[in-house]
Amino acid sequence: MISVAIGGFCGAICRFMVSKYWTKGTFIVNIIGAFILGVVISYQALVPLVVTGFCGSFTTFSTFSFEVITLWQDNKQQAVTYALCTTGFSLLAVFLGMTITSIV
């Protein structure tokens, strides 16, 4: 449980820093988090620290959902593009992470 807390602390700090310096912070953290998950998921000893803790606090689906709805109210095309790109690139990042890990 301590490893989950440590990972969560680190993930939250990283998320804050990414969101502070990049306007597309949610998009960036979701893609990076998906990639990290794809790399680490096969290392069961690291799952609590990295996947549950770090990725759990670093990535965010609730903020993503809110941003899609907010965009939808102002610009439906931009909302759909953002939702599709985030979902598509997140899936690709997990796949790449898993593929790289299986090669190494």
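All of the numbers you see were taken from the coordinates with simple rules; none came from a lab. Bear in mind that the values here come from a model prediction, so they are computed numbers and not experimental data. Backbone-built Cβ (ideal geometry, glycine too); neighbour counts: all protein chains shown.
Take the alpha carbon atoms of the stretch 77-91, find their center, do the same for the stretch 12-37, and report the distance between the two centers in whole angstrom.
15
In whole Hz, with x marking every Gly and Pro, tabulate ³J(HN,Hα) for the stretch 17-34 from phi via Karplus 6.51 cos²θ - 1.76 cosθ + 1.60, θ = phi - 60°.
With the stated coefficients, the stretch 17-34 comes to 5, 5, 5, 5, 9, 10, 5, 9, x, 4, 4, 4, 5, 5, 6, 4, x, 5 Hz.
Length gain on complete extension for the stretch Phe95 to Ser19, per 0.36 nm per residue less the alpha carbon to alpha carbon distance?
So the extension gain works out to 24.9 nm.
Say each of Phe66 and Thr87 gets a label point 7 Å from the Cα, pointing the same way as Cα to Cβ; how far apart are those two points in nm?
The two pseudo-label positions are separated by 2.1 nm.
Please report, in cubic angstrom per residue, the volume enclosed by the convex hull of the alpha-carbon atoms of the stretch 2-103.
Hull volume over Cα atoms, normalised by residue count, gives 81 Å³.
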